[in-house]
Structure formats: structure tokens, C-alpha cells
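Read through the structure below, which is laid out as C-alpha cells, and then see the notes.
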Amino acid sequence: MRYSGAEIIIKMLERAGTAIVAGIPGGANLPLYHALSRSSLRHILARHEQGAGFIAHGIARSTGEAGVCFATSGPGATNLVTALADAKLDSVPLIAITGQVPTSMIGTDAFQEVDTYGMTLPLTKHNFLVKDAAELLAVMPKAFAIALSGRPGPVVVDVPRDVQLQEIEVEAWPLPGEKAIPAGVDPLALERAAAMVRASRRPVLYAGGGIINSGCHGLLCDLARKNSIPVALTLRGLGCFPPEDPLYLGMLGMHGTPEANAILDEADLVLAFGVRFDDRAVGLAREFCRRASIIHVDIDAAEIHKIKRAHLSIVGDAGAVMEGLLPLLTGDGRRDWLQRVSETRSLFPPDPGRRNGEMHPVDIIKKAHSLAPPDTIVCTDVGQHQMWVAQAYPFSRPATFLTSGGLGTMGFGLPAAIGAALANPGRRVLCVSGDGSFQMNIQELATLSELGLPVTILVMNNGHLGLVRQQQELFYQENYFASRFDLELDFAAIGRQFGIPGCRAERLESVGAILEGAISHPGPFLLDIPVHHREKALPMVRPGRANTEMIGLGR
């Protein structure tokens with residue numbers, strides 16, 4: 001039977017198990033949309049291609065499956081670039097299918113032509129420029145296999161318009177691309193790792209997003225508890241270890257807990273699982289864990305020794321390594337070390353929240369957690385509110401905290417929340433944003449309104465680029481330049497213009513009741529919460545300094 005290139009793409013997406021595609025049509029991908037109109041796939045019409053990309057992020061990050069987005073050539077593809085870079089840094093499986101000008105016009109500076117292949121080469125795990133419809137039978141399964149296997153990441157399939165229209169005979173459909181089974185772990189490396197753990201007196205587990213990608217949070221708990229090893233998590237690792245466990249130190253790094261940063265500095269062994277030693281987590285790399293030997297486990301060989309040299313490195317799936325390591329270890333109570341952890345924790349009491357008669361954002365986040373269902377998915381944008389959520393919301397399940405970590409993309413939160421709600425029907429999604437971030441992709445309120453999804457939006461509105469202002473106050477002699485918005489916006493009123501109910505929380509005493517109503521509302525709801533612009537996300541480490549040099553411990 002004969003199929004066009006566009007029909008082959010749609011058929012291969014269906015065979016891969018894709019249910020939802022987000023995107024925007026244009027001249028160079030209209031054949032793809034023509035084929036999509038006759039498909040079982042559900043299409044989400046975003047208002048901006050970046051929004052479509054982050055809707056795909058929400059799907060991928062909350063499910064572990066590849067998210068799919070469409071864009072046309074030229075500005076459609078360039079608008080996807082930020083979402084692709086975000087997926088590359090945060091190891092998110094993403095398939096972006098872009099239209100391209102006809103093959104005969106490539107290189108002529110045709111209308112809406114850009115070199116999508118060349119532009120996305122450094123931002124993707126792999127990309128393809130398809131020159132013949134027959135290639136799609138191999139390219140599409142390969143795209144999914146690459147995106148999902150090893151360290152997940154984004155893949156671009158750029159398809160010229162004439163290739164989408166080209167018809168070929170398809171005698172048999174190839175198998176869908178699947179996640180490759182990780183290679184086995186070297187038993188000698190496991191024996192060495194076990195010996196290092198047995199010999200250590202002050203070990204710490206430093207775990208990150210690789211634990212969530214591997215789905216091995218249960219093994220992480222087993223390893224920590226069997227050997228009484230305290231656990232510190234990265235921003236992307238939050239949710240993979242229960243916050244109520246006495247072994248939990250909290251998040252490490254620039255806005256981490258003082259006890260996590262202090263205990264890591266005293267460790268004699270660091271078991272780094274599914275992490276890449278990024279600067280926001282480790283601070284000044286040469287000062288990080290100065291007294292410790294390091295066992296680094298990561299599925300991406302390129303991350304080994306890149307920032308911090310390991311004494312023992314294992315390239316492999318974190319779950320497979322822990323599964324092999326556990327039988328080699330005997331239980332160890334480490335009473336002296338746990339006593340030291342307890343003493344250190346007592347030096348840094350939790351943030352009291354309310355100050356000066358006002359409700360601090362930390363209080364609001366804690367209240368939202370107390371009202372939200374246990375399986376709520378939380379999405380944030382980037383800034384002070386992101387750090388407040390990371391510090392105050394006790395994530396107890398993996399893949400329930402979706403945030404832009406490596407790229408730090410303002411505008412991520414709203415479209416990612418839409419994607420998470422689409423992929424997880426029946427679950428509440430909480431989108432926490434700041435007024436600066438929220439304006440970056442505010443147009444996706446229209447998409448949310450049309451879909452009627454159960455997304456509760458909390459906008460922490462301080463009239464500023466809050467984290468920029470905070471750093472200007474602390475590190476730039478209070479030179480507040482280009483960080484204040486002169487126009488005061490009522491985001492609840494804006495939401496109502498898009499058909500989304502909401503209100504502005506003007507009085508402290510009403511916040512709790514309003515939050516309860518917002519979170520229980522069956523569809524979308526937007527709550528605009530005024531925040532004083534002098535509130536800070538503390539404690540923090542000054543950029544370029546060691547994690548032990550935290551400021552603002554007294555708030």
C-alpha cells in the first residue's frame with residue numbers, strides 16, 4: 001500500500017504508542033497536519049512553539065515516555081530551540097518533528113528557511129534531515145530508541161515539505177523504537193565499590209535525576225537504610241527519597257539545606273548516583289567534598305571525570321549498579337556518623353516562615369502541600385518561587401516535581417503543567433510561578449482554558465524579577481537596574497479574560513481558604529498572591545563560592 005512521508009510519520013507515532021502531540025501548523029508542515037487530521041493521535045494546538053515544546057516536556061517528565069511536538073520551518077523551528085536545549089540539559093526524552101522547505105530550495109534562503117539540522121546539532125542528542133520518504137521507516141524508530149535509551153534526550157527529525165508529500169510503497173512496518181536494555185555492570189567495579197563503602201566511616205549518598213530516570217528510587221532507599229548512609233538530593237532528584245526519613249539531608253547546593261552542604265563537607269566517601277556535579281549543586285568544584293573519596297555512577301560516560309575526578313567510576317544504569325551492590329554489603333548502623341548528622345541538623349532549625357506579621361511564600365507553599373492530594377504533580381518556573389518550592393514542598397514521590405534545572409528556563413511552568421495534566425488524567429497539577437516567569441508563556445492560558453484541565457496556578461507576584469533583584473541586593477551593592485516592573489498586573493484578571501476563574505489574595509487571613517478553593521476547583525484556577533519584593537530565597541551560596549559558605553542562615 002502506498003503512503004506519503006507525512007502518513008508514514010503519523011503511522012510510526014501511532015505504532016510507538018504516542019497518544020498526544022503538541023504543535024502549531026505552518027506552510028512547511030501542512031502535509032503532516034493533513035495526515036494527522038485522519039489519525040487517532042490527539043493534537044494540542046499551542047499558542048507558541050516553545051509552549052508546544054514544554055507541553056511535550058510535561059508529558060515526558062511525568063511519565064518517562066518520549067514527548068512529541070511539531071513545528072513548521074524557520075521561526076517555528078527556532079521557537080523550539082529553548083525547549084530542545086532544556087531537554088538536553090535535563091535528560092528529557094523529546095521527539096521534535098519539524099517541517100522544512102522543499103529539498104530543491106534548501107540553501108537558497110527560501111521563505112522561512114533556516115538550517116534546522118545545523119542549528120540543533122549541539123542542542124540535541126541526535127538529529128536527522130530526511131531526504132527521502134523511505135528513510136522515515138528507519139529514522140522514526142531510531143529517533144525513539146535514541147531519545148529513550150541511555151541518558152535520555154531530545155531528537156529532531158527535520159522533514160522537507162516535498163518529502164512529506166512523496167508517496168512510497170510500504171510492504172511491512174518496522175518495529176517501534178524502544179529503550180535499549182542497559183549493559184551489565186562490571187562485577188570487579190561492584191566489589192571495589194562495596195569495599196569502599198565497608199571501609200568508610202562517614203559516607204553520603206548524593207543522588208539526582210538519574211535515579212528518577214532509572215526508576216530505582218526504591219533501591220536508593222534500600223541502599224541508604226541498609227548501611228545508614230545519609231542522602232542529599234539535587235534539584236532534579238527531589239522526590240526520589242522520602243523527606244520524612246531521618247537519613248534525608250534535603251537538597252544540596254546553592255539554595256540547599258545547610259545540613260546537606262555541611263555533612264557533605266565532612267564525608268569521607270561520596271556515592272554520586274545519577275548526577276553530573278553541576279555548579280548549582282556542588283558550588284566551587286575544587287572545594288566540594290574535599291575530604292572524601294568519590295564513587296561516581298552515571299549512564300553517560302561523558303560525565304565521568306568531567307567536573308570532579310572520581311576515585312571509582314562506573315558507567316551504567318544507577319538501578320543496575322545499586323541492585324548489584326546491595327548483596328555485597330552488610331548492614332551497618334554507623335551510630336557515630338548518624339549522631340553527627342543529628343547534631344549538625346540541630347544547628348540549623350527549619351525556616352519559621354511567617355515574619356513581620358506577613359505570610360511568607362514558604363508558608364503558602366506548605367499550606368498548598370497540606371491541601372493538595374498526595375499524587376499532585378508540581379511544576380514551577382524559574383526564580384525565587386522555584387527555590388521556595390524546592391525548599392518547602394516535601395516531595396515524597398518521584399516524577400512529581402517538574403522544573404527546569406540545567407537551563408533554568410523562565411516560562412517553563414505553565415506549558416509543562418498542561419502537558420503533565422494531559423498525560424495524567426484525574427491528577428491535580430499545581431503550577432507555581434513568579435510574575436516575571438509567568439509572562440514568558442502567558443499565552444498558553446488560552447490552551448489551558450480550552451482544555452479545562454485541573455491545573456491550579458499560584459503566581460508569586462512581587463513586581464520584580466525576584467532572583468535578579470535578590471542578587472543585585474546581595475552582590476551588586478543594591479544597584480537595582482532592570483529588575484523592577486513599572487506596570488503592576490493583576491494576573492487573576494488576566495486569567496479571567498482567557499476564561500480561567502481566579503482571584504487575587506489581598507488579605508493574609510484569607511489565603512488559606514482561597515488556596516483550598518483553588519486546589520479543589522475541578523478545572524483550572526489562577527491565584528495571584530502579592531509577595532513583598534524584599535523577601536529572599538535563603539539560604540544561598542554566592543556564585544563561584546564553596547557550598548560551605550552559605551549566607552542568610554539566620555534569614
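About the Cα centre of the range 2-169, what is the dipole size in debye to 20, counting +1 per Lys and Arg Cβ and -1 per Asp and Glu Cβ, all else neutral? Provide the component values of the computation, followed by the final result.
Values: 13 positive and 15 negative charges, 100 e Å.
In total the dipole reaches around 480 debye.
Could you rank the peptides 268-277, 72-81 by their average count of other C-beta atoms within 10 Å per residue, with the highest value first?
Values: 268-277: 26.0, 72-81: 22.6.
Those peptides, ordered most packed to least, come out 268-277, 72-81.
With unit charges on the beta carbons (Lys and Arg positive, Asp and Glu negative) and the dipole taken about the Cα centre of the chain, which residue among Pro154, Pro203, His296 sits farthest to the positive side?
Ranked along the dipole, the leading option is Pro203.
So what J values fall out for the range 139-149 if you push phi through Karplus, 6.51 cos²θ - 1.76 cosθ + 1.60 with θ = phi - 60°, rounded to Hz, Gly and Pro as x?
Along the range 139-149, the couplings run 5, 5, x, 5, 4, 5, 4, 5, 4, 9, 8 Hz.
Amide H neighbours of Tyr248 under 5 Å, at least 5 residues apart or on other chains, H built in the peptide plane: list them.
Close amide H contacts, sequence-distant or interchain: Val231.
Any idea what the dipole of the chain comes to, in debye rounded to 20, about its Cα centre with Lys/Arg Cβ at +1 and Asp/Glu Cβ at -1? Walk me through the numbers before you get to the answer.
Working: 50 positive and 56 negative charges, 258 e Å.
Computed about the Cα centre, the dipole is about 1240 debye.
When the helix-only estimate is applied to the chain (DSSP H runs of n ≥ 4, each -39,500 (n - 2.57), divided by the residue count), what is the mean residue ellipticity at 222 nm, nearest 500 deg cm²/dmol?
Working: 22 runs with 205 residues, N = 555.
Calculated at 222 nm, the ellipticity per residue is -10500 deg cm²/dmol.
With 31 Å as the limit, write out which pairs from Lys88/Lys226; Lys306/Lys536; Lys179/Lys306; Lys131/Lys179; Lys142/Lys308; Lys306/Lys367 have Cα-Cα distances beyond it, or answer none. Kindly include the intermediate steps, with their values, before the conclusion.
On the way: Lys88/Lys226 34 Å; Lys306/Lys536 33 Å; Lys179/Lys306 26 Å; Lys131/Lys179 26 Å; Lys142/Lys308 33 Å; Lys306/Lys367 41 Å.
Beyond 31 Å: Lys88/Lys226; Lys306/Lys536; Lys142/Lys308; Lys306/Lys367.
Cα atoms only, the range 1-159: Rg and Dmax in Å?
Here Rg and the maximum Cα pair distance are 14.0, 41 Å.
With charges only on Cβ, +1 for K and R and -1 for D and E, what is the dipole size of the range 322-469 about its Cα centre, in debye, rounded to 20?
Working: 12 positive and 12 negative charges, 76 e Å.
The dipole of the range 322-469 has a size of about 360 debye.
Given an 8 Å cut-off on Cα distances and at least 6 residues of separation, report the relative contact order of the chain as a percent. The partial results should precede the final answer.
Numbers: 1249 pairs, mean separation 75.4, N = 555.
14 percent.
Select from Thr376, Ile168, Trp337 the residue farthest towards the positive end of the dipole of the chain; place +1 on Cβ of Lys and Arg, -1 on Cβ of Asp and Glu, and compute about the Cα centre.
Of the candidates, Trp337 comes out farthest on the positive side.
Pop the C-beta distance of Trp173 and Ile307 into the FRET formula with R0 = 41 Å and round what comes out to the nearest 0.05.
Numbers: r = 44 Å, r/R0 = 1.06.
Efficiency at R0 = 41 Å is approximately 0.40.
From the C-alpha coordinates alone, can you work out the Kirkwood hydrodynamic radius of the range 361-551, in Å? Could the numbers behind the result be given before it?
Working: mean 1/r = 0.0595 Å⁻¹.
About 16.8 Å, per the Kirkwood formula over Cα pairs.
Starting from the Cα-Cα distance between Ala134 and Ala180, subtract it from 0.36 nm times their residue separation and give me the gain in nm to one decimal. Walk me through the numbers before you get to the answer.
On the way: separation 46, 0.36 × 46 = 16.56 nm, distance 2.39 nm.
This chain segment gains 14.2 nm when fully extended.
Give the long-range amide H neighbours of Ile44: residues separated by 5 or more places, or on another chain, with amide H under 5 Å away, using H modelled in the peptide plane at 1.01 Å from N.
For Ile44, whose amide H was placed from the backbone, the distant partners under 5 Å are Val21, Ala22, Gly23.
Take each of the peptides 103-110, 184-191, average the number of other beta-carbon atoms within 10 Å over its residues, and list them starting from the highest. Before the final figure, lay out each step's value.
On the way: 103-110: 12.5, 184-191: 14.5.
Order by mean packing, descending: 184-191, 103-110.
With the cut-off at 1.5 for a/c, could you classify the chain from its C-alpha gyration tensor as rounded, prolate or oblate?
Working: a/c = 1.96, a/b = 1.24, b/c = 1.59.
Oblate, because a/c is 1.5 or more while a/b does not exceed b/c.
Would you kindly work out the equivalent ellipsoid of the range 272-399 from its C-alpha gyration tensor and give its semi-axes, the square roots of five times the eigenvalues, largest first in whole Å?
Values: eigenvalues 212, 78, 66 Å².
Sorted largest first and rounded, they come to 33, 20, 18 Å.
Report, by chain and number, residues whose modeled amide H sits under 5 Å from the one on Val157, excluding near sequence neighbours (fewer than 5 apart, same chain).
Amide H neighbours of Val157: Ala96, Ile97, Thr98, Phe128.
Could you work out how far apart the two model spin labels at Glu473 and Asp115 are, taking each label as a point 7 Å from the Cα in the direction of the beta carbon, and quote it in nm?
Spacing of the two 7 Å Cα→Cβ label points: 4.6 nm.
Among DSSP beta bridges whose residues both lie in the chain, state the antiparallel percentage, nearest 5.
On the way: 8 of 71 bridges.
Approximately 10 percent, going by the DSSP bridge assignments.
Between the range 424-452 and the range 97-149, what's the alpha-carbon centroid distance in Å?
30 Å
Quick one: 3J(HN,Hα) in Hz for the range 493-500, Karplus 6.51/-1.76/1.60 with θ = phi - 60°, rounded, Gly and Pro as x.
Listing the rounded values in order: 5, 5, x, 5, 5, 8, x, 10 Hz.
Which of Gly405, Val432, Pro415 sits farthest toward the positive end of the charge dipole of the range 361-551, with +1 on the Cβ of Lys and Arg and -1 on the Cβ of Asp and Glu?
Gly405
What share of the DSSP beta bridges in the range 361-551 is antiparallel, in percent to the nearest 5?
Values: 3 of 24 bridges.
Rounded to the nearest five, the antiparallel share is 10 percent.
Show me 243-251, 340-348, 525-533, 410-418 ranked by packing, highest mean number of other Cβ atoms within 10 Å first.
Values: 243-251: 17.0, 340-348: 14.8, 525-533: 21.6, 410-418: 30.8.
Per-residue mean Cβ counts within 10 Å order the peptides as 410-418, 525-533, 243-251, 340-348.
Using the Karplus curve 6.51 cos²θ - 1.76 cosθ + 1.60 with θ = phi - 60°, work out ³J(HN,Hα) for each residue of the range 27-33 in order, rounded to whole Hz, and write x for Gly and Pro.
Computed from phi, the couplings for the range 27-33 are x, 7, 10, 4, x, 5, 5 Hz.
For the range 3-89, run through the trypsin sites (Lys or Arg not before Pro) and keep only the ones in DSSP coil with at most 10 other Cβ atoms within 10 Å of their Cβ. Don't jump to the answer; show the numbers that get you there.
Details: sites: Lys11, Arg15, Arg38, Arg42, Arg47, Arg61, Lys88; in loops: Arg38, Arg47.
Answer by residue number: Arg38.
Here, each number is a calculation from the coordinates, and none is a lab measurement. Keep in mind that this is a model prediction, so the values were computed, not measured. A quick note on method: Cβ atoms are made from the backbone with ideal geometry, for glycine too, and the neighbour counts reach across all protein chains shown.
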